[in-house]
1. Report the dimensions of the range A:173-241 along its three principal axes from the alpha-carbon atoms, largest first, rounded to Å.
2. Which of the listed residues, B:21, B:212, B:127, is farthest toward the dipole's positive end in the range B:5-350, when Lys, Arg count +1 and Asp, Glu count -1 at the beta-carbon?
3. Evaluate peptide D:282-294: per residue, the Cβ atoms of other protein chains within 10 Å of its Cβ; return the mean as an integer.
4. Between residue A:146 and residue C:43, what is the label-point separation in nm under the 7 Å Cα-to-beta-carbon projection?
5. Along Cα→Cβ, 7 Å out, is where each label goes; now give me the distance between the ones at residue D:196 and residue C:198 in nm to one decimal.
6. In straight Cα distance, which lysines are under 30 Å from residue D:361, not counting same-chain residues fewer than 8 positions off?
7. Against the globular-protein guess of 2.2 N^0.38 Å, express the Cα radius of gyration of the range C:143-261 as a ratio, rounded to two decimals.
8. Return the Rg/Rh ratio of the range B:181-327 with Cα-based radii and a Kirkwood Rh.
4 protein chains.
Amino acid sequence: MSGNTYGKLFTVTTFGESHGPALGCIIDGCPPGIELTEADLQRDLDRRKPGTSRHTTQRREADEVKILSGVFEGKTTGTPIGLMIENTDQRSKDYSNIEETFRPAHADYVYTHKYGFRDYRGGGRSSARETAMRVAAGAVAKKFLAQKGVTVRGYLSQLGPIKIDAFDWDQVEQNPFFCPDVTKVAEMEAYMDALRKEGNSVGAKISVSASGVPVGLGEPIFDRLDAELAHALMSINAVKGVEIGDGFACVEQKGTEHRDEMTPQGFLSNHAGGILGGISTGQDITAHIALKPTSSLRLPGQSINSRGESIEVVTKGRHDPCVGIRATPIAEAMMAIVLMDHLLRHRAQNADVVCDTPVLKG
Amino acid sequence: MSGNTYGKLFTVTTFGESHGPALGCIIDGCPPGIELTEADLQRDLDRRKPGTSRHTTQRREADEVKILSGVFEGKTTGTPIGLMIENTDQRSKDYSNIEETFRPAHADYVYTHKYGFRDYRGGGRSSARETAMRVAAGAVAKKFLAQKGVTVRGYLSQLGPIKIDAFDWDQVEQNPFFCPDVTKVAEMEAYMDALRKEGNSVGAKISVSASGVPVGLGEPIFDRLDAELAHALMSINAVKGVEIGDGFACVEQKGTEHRDEMTPQGFLSNHAGGILGGISTGQDITAHIALKPTSSLRLPGQSINSRGESIEVVTKGRHDPCVGIRATPIAEAMMAIVLMDHLLRHRAQNADVVCDTPVLKG
Amino acid sequence: MSGNTYGKLFTVTTFGESHGPALGCIIDGCPPGIELTEADLQRDLDRRKPGTSRHTTQRREADEVKILSGVFEGKTTGTPIGLMIENTDQRSKDYSNIEETFRPAHADYVYTHKYGFRDYRGGGRSSARETAMRVAAGAVAKKFLAQKGVTVRGYLSQLGPIKIDAFDWDQVEQNPFFCPDVTKVAEMEAYMDALRKEGNSVGAKISVSASGVPVGLGEPIFDRLDAELAHALMSINAVKGVEIGDGFACVEQKGTEHRDEMTPQGFLSNHAGGILGGISTGQDITAHIALKPTSSLRLPGQSINSRGESIEVVTKGRHDPCVGIRATPIAEAMMAIVLMDHLLRHRAQNADVVCDTPVLKG
Amino acid sequence: MSGNTYGKLFTVTTFGESHGPALGCIIDGCPPGIELTEADLQRDLDRRKPGTSRHTTQRREADEVKILSGVFEGKTTGTPIGLMIENTDQRSKDYSNIEETFRPAHADYVYTHKYGFRDYRGGGRSSARETAMRVAAGAVAKKFLAQKGVTVRGYLSQLGPIKIDAFDWDQVEQNPFFCPDVTKVAEMEAYMDALRKEGNSVGAKISVSASGVPVGLGEPIFDRLDAELAHALMSINAVKGVEIGDGFACVEQKGTEHRDEMTPQGFLSNHAGGILGGISTGQDITAHIALKPTSSLRLPGQSINSRGESIEVVTKGRHDPCVGIRATPIAEAMMAIVLMDHLLRHRAQNADVVCDTPVLKG
């Protein structure tokens, strides 16, 4: 039911399957007067696009986005923004052999039971291809957030067993992994090459953060900022875990260790990830997500077909051996959408608030 | 804005502050004809209730729930169910000293900036006291789910540094920690006693699972079952991380290791936690949450007051040194609410679906 | 499903049946800092209350409202406002004879089919008694609107065949009908006395208007201000028609006659009822509603019972022979709720808008 | 804010301006397995299309709809259905003279104040052109409803001063007015010709009804079926009034006259328009709407420009002298969308209901 919309005020509704004619989305509730061109969206779309290095799927998609409405004379009008990306490299013949096959760890089996049948071409709606529209919508949110001094950025924090040690934002866009540690890039390249040769896949951890977020965003008790971020980030294909701030490390922390003490000069730490009581503190918002290994493998696995009979499955199509590699712009997009939505929600209710207490530095 | 409702079809809207006259909620969208009495709700409320062991806050609340509407002659009518719990042990004098004080890791500071002032009595709306109504609403969901063969249960999987080794569902209700490993209970008791003496607090990890869930629940792409569970679980006070199935362990897993192979006799493993592509597989749904240590400590910490001046804070009131201890029924409640909502959503759209493919055993 | 909430940002969710323990509601999304006491709500509740003249039902209800949350030290906190009115004069024995009877033009038959059974005591949830909570919520909206210079007022414009000729706002609160034409009050009194004697009922027309509404409220294309007003007003029990501005008179108007010409000094007329393209113009918002005659009559009518057998129905309980008489405060409340919700929605999206065009006088 | 979505379970979100590249919509929540082709949508689109007779605007649009997603092998998949119609006859030069002009009774002035500026080309988003997507979405709903035995049909019941006397469904599609009274068609033709010559416009009344609706649809108290219909119908451009059943005639009716008595053979009348207590009775649902005269006139009118200066306005573009003429398929579409949404909502909550009481014939 109607699960294809995210947001309450800044809403993003998407459509499109892996091998249909087009992907698209409608962004509703965007404030008017924001300068917006297709180039603004294309930049992040190109960061997510397949086929840009040998480490991602070799599907070739231009992912060229068209703005169909909601922008007039270079500015948003306040009316819904319609976006579309035509699918060009569909090659549906690649998938015809799996029409009656369920692949382990894919959505084939559950889609079939939920809807009575499925679009078997490239995963249909369950394909990660739909994330292109999230990235486009996120780029709109980023434009608005930039006006408000908010920046959302992400990076790869772990690729399979390889963790980052050093950190440099400037490195993130310099390699195909969004890896901030230049010393680990060669190791990642080698790891990925071996993995591809093996026909296997691996998981990854992506981190995303927002700086410049004002204090006060988030709507307790159910629409807390952390809860909405968890929703948005967990909705990305292959994500199996979400952490805010210290996340699961909190389990072993003592209160004296975890609490972020405050001084007139600012917070002394940020274990909370910039969110307390479900509301932004003004510090950097930090989140981490775990992505499972891609399920399409060239190594055979046991499965069943649509008649429930035992079969062996080997995937032959084009796939990402580590979906995490292209997930950084997607995670950024979802965080940007959540923050923009909450910025609008906050000012709807609290535009008249006057507060004498000084704002701490983040 | 309107952040106090959870669910789309089975909706739970709550109100109430720690030291106001009452807590309450409205459950809308509950199917008619379900047998329901106050005793059904009281059982879970008593499991969450403070003051039942020396390890939780000594606030004394009967947490006696009244059904004000929506039930007639012992059955739900299909109209909204109004519930209320009166606050009886408020002692608001305990809190008067903190009117102008911000406590580190509390919501005081963010509430003040968001709303312009705050209800300083016991945390006001940000108090974990509001979770009582979640538990009551969850108990309604559990009644409906039970009719459909779905059972939701939770347990403590880690208390600070103490992890469980053995597992026995029958032990969970036999100790104040909801600990399934009887061999660890004494260690936990001792740990908590030391912690309380020290004036400190610690984090915890809670696990919750649902069995008997039919295949097909979850509404991609944004309202995936895992995304909604993440939202619901992260909305619980003090939660900083959510995992579905193997969660963050996926980062280092290879595809061959993670994928749950299928045979005509059933799935061979459940790394996915019962959810693929955002839709239930029919296996047990498993989730884990990380709770941060309570922020109210008897050990002094640096902070500021409402004029931005440096102060030292020591908490004196009644508090839980480990909020995780009472969180098990809350996590169960949120999972039950999500599953019930999705069961209704699924049948709204897919009631006419016929599927020839056999259903695998969970 | 979840049909008991109105509003997107300023949301009102109600519960309660005619003969249950209590009625209540949760108002979510109310801005903080608004002065609010129970007396603010009681004023409108008393205007709606039954039993204040011989022309309305003789049920005696104090309709005393309690604020259970969301207000601290006399001001709204921004957290949900819980309200409750206990039912005191329930006399459910009056209704026991109709347990198996369907009354023509009542909701008995449809509730039975929708939910499988019904709460037969006084109409259960379908009773006009639920409108008490709308009035209470509307009073909160009125407080906020007053701060913004917006006033919502209503009056009876027609009672059965008796139309008003003269108009004086000052008269509206001086008679039990909310009639602005003092010359018609005696005629209405006599008409109602005759009607009651006859055991029959009659329809009515209520008008409601808002002045001081800023230009710009309303969210095309589906959440236009007129569409939301139609929704809100048509949701009131017994309403069968809604008009904005000239309403059905537009059918025979020519364009030159209908269009409200503009001059630098202001609009020259207000046929549009203050709404163009679904957005407020800054003129008075005017709406009219038609209420059907009450269906509970002392004159026998043909009906069926729960076994589908033919029966004759005569109503004996206490009822309003003209529901329109008490509907004025309810219509005001719904208009106030819609305007408040839209005021918040508008500023969420358009808070940064700068417009050089001068605002016309209303 | 996010006002471009209608429905809760079967949701329709639209985008597009009069002179942008395209119009589009996303239909979410549609059940899977419904046979659907572009031809199914085109039929109703052609009924609404401009330029098919001399009585409507001479803008030439093929209104050719493309299905971009959600349909696979001729059947809906249960995933979002993306639709698009490219604008082909935009001629934006026609409108350049009105960039700084506000036209009386148009949305120009309110859009400018709401959003800070406006898309002046043909009304932008406020153009009736957006209704094409409503009609397309309505056609999808009609396909589903047809499977359930529900038929939605509309007709013109009054054109300016000309009321219909006779009624024949078979005539409705035989003339350009959707007029069911063949004896009035010539009179309407002549009236429209004179009106066009005069440069003026006129209002109209459209009626729409649904037969075969099961008893039980509608979600009190706010999402009553009548309230949702009022919302949906009032959201159509130019609509100023909505009636259910007898509508405003109820004001002068007595209870004995209005009530629809019941017998084992069925209801004896249908004054209620098939809805009691906000829930369908199983009888025909009947609604009527009043449409105002088009505001674009060739007769000069007083207005202001964007600097607030007095001007005289004469419209020169292509327009409908009576918007009501093309409104019939739009009203049908909105009623179909509402009914489909409520059919899904009803079965979500009440799928398990068993009711022994016999269903009366409609």
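1. Computed over the Cα atoms, the extents are 48, 26, 12 Å.
2. Result: B:21, furthest along the dipole toward the positive end.
3. Working: counts 3, 0, 0, 0, 0, 1, 3, 2, 11, 2, 13, 11, 3.
Mean partner-chain Cβ count within 10 Å for D:282-294: 4.
4. The two pseudo-label positions are separated by 5.0 nm.
5. Spacing of the two 7 Å Cα→Cβ label points: 5.0 nm.
6. B:75, C:114, C:240, C:292, C:316, D:8, D:142, D:143, D:148, D:205, D:254
7. Working: Rg = 17.1 Å, N = 119, 2.2 N^0.38 = 13.5 Å.
So the range C:143-261 has a normalised radius of gyration of 1.26.
8. On the way: Rg = 20.2 Å, Rh = 18.2 Å.
In the range B:181-327, Rg relative to Rh is 1.11.
The values are calculated or read from the model by the stated rules, or taken from the named source; none is laboratory data. Model, not experiment: these values are computed from the prediction. Virtual Cβ from ideal backbone geometry, glycine too; neighbours counted across all protein chains shown. The accessibility values were calculated without ligands, DNA or RNA, using every heavy atom of the protein model including side chains. Shrake-Rupley method; radii C 1.70, N 1.55, O 1.52, S 1.80 Å.
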